[in-house]
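Peer 1: Take a look at this one; I'll ask things after.
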Amino acid sequence: MESLTYYLPSERRRSDSHSRHGRNSQAEDGFICKHCHAFVSSASFLSGVNNRNHCPYCLWSRHMDMYAAGDRLCACKSPMRPIGLTSKATGKKYGSTHGELMLIHVCTECEGLSINRIAADDVPETVFGLFEAVSEMDAPMQRRLEMEGIRVLQASEHEAVRAQLFGLVQ
């Protein structure tokens with residue numbers, strides 16, 4: 001009779017622990033949020049994103065990437081606080097428009113800034129609460145974001161943000 005060996009996720013054999021993209025499957029399985037301590041699945045079929053590093057419940061992130069999304073080269077690895085929303089500028093055939101909502105994070109350690117896509121499983125009420133709290137952002141941070149070319153969504157964009165998060169309400 002053939003014996004079976006069982007592995008916990010942390011004990012997977014090296015050959016089993018890498019996906020077709022060369023990433024560690026434990027990182028792809030998920031992580032524990034450093035802020036709210038919830039388990040966060042990194043499965044792209046749930047989140048709609050390939051490089052998950054923020055919590056869908058509290059929206060806090062972790063300083064992981066240095067040059068490009070998913071590179072995981074940043075040595076900091078500190079928590080990143082969500083501070084506002086922006087939108088991805090897209091070039092359309094008939095002019096530039098603002099596209100998908102993006103989270104703005106600031107690192108609690110090195111004060112680095114990061115922009116992350118909103119994921120499909122992010123709690124829309126939490127995202128909208130972050131948008132509504134933009135009035136609490138201090139003036140130095142507002143100036144820094146402006147100097148970095150990051151346009152923070154303002155109260156005047158309330159209906160557009162609401163429509164993207166909750167759909168159009170008639």
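Peer 1: Under 7 Å between Cβ atoms, which residue pairs at least 6 apart in sequence (or on different chains) link something in the range 70-84 that is within 19 Å of Cys33 (Cβ to Cβ) with a partner that is exposed (fewer than 14 other Cβ atoms within 10 Å of the Cβ) and of a type outside the set (D, E, K, R)?
Peer 2: Gly70/Asn50; Cys74/Met66; Cys76/Cys110; Ser78/Cys110
Peer 1: Let me ask something else. Considering only the range 154-161, I want to know if a residue exists there that is within 24 Å of Arg52 (Cα to Cα) and more than 12 Å from the chain's Cα centre (by Cα).
Peer 2: Within the range 154-161, one or more residues are within 24 Å of Arg52 (Cα to Cα) and more than 12 Å from the chain's Cα centre (by Cα).
A quick yes/no check of all residues on (1) modelled with pLDDT under 85; (2) aliphatic (A, V, I, L, M):
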{"site": "Ser44", "(1), (2)": "no, no"}
{"site": "Asp65", "(1), (2)": "yes, no"}
{"site": "Ala69", "(1), (2)": "yes, yes"}
{"site": "Met80", "(1), (2)": "no, yes"}
{"site": "Ser87", "(1), (2)": "no, no"}
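Peer 1: Would you point out the residue of the range 142-161, among those that are within 14 Å of Leu85 (Cβ to Cβ) and either among the hydrophobic types (A, V, I, L, M, F, W, C) or touching a Lys or Arg at 6+ places or on another chain (Cβ under 6 Å) (or both), that is surrounded by the fewest Cβ atoms within 10 Å (Cβ to Cβ)?
Peer 2: Ala155
Peer 1: Consider the range 127-141. How many of its residues are surrounded by 15 or more Cβ atoms within 10 Å (Cβ to Cβ) and out of contact with any strand residue (DSSP E or B) (no Cβ under 8 Å at 6 or more places or on another chain)?
Peer 2: 1
Peer 1: Take Arg72 and tell me if it is in a loop (DSSP other than H, G, I, E, B) and over 22 Å from Val161 (Cβ atoms). It would help to see each step written out before you state the result.
Peer 2: Details: in a loop (DSSP other than H, G, I, E, B): yes; over 22 Å from Val161 (Cβ atoms): yes.
Yes: the conditions hold for Arg72.
Peer 1: Listed residues Glu132, Glu111, Glu125; which is part of a loop (DSSP other than H, G, I, E, B) and either within 20 Å of the chain's Cα centre (by Cα) or farther than 16 Å from Met80 by Cα (or both)? Walk me through it before giving the result.
Peer 2: On the way: Glu132 fails: part of a loop (DSSP other than H, G, I, E, B); Glu125 fails: part of a loop (DSSP other than H, G, I, E, B).
Step by step, each of Glu132, Glu111, Glu125 is checked, and only Glu111 is part of a loop (DSSP other than H, G, I, E, B) and either within 20 Å of the chain's Cα centre (by Cα) or farther than 16 Å from Met80 by Cα (or both).
The values are calculated or read from the model by the stated rules, or taken from the named source; none is laboratory data. Everything numeric in this text was worked out from a predicted model, so none of it was measured. No Cβ is skipped: glycine too gets one built from the backbone with ideal geometry, and neighbour counts run over all protein chains shown.
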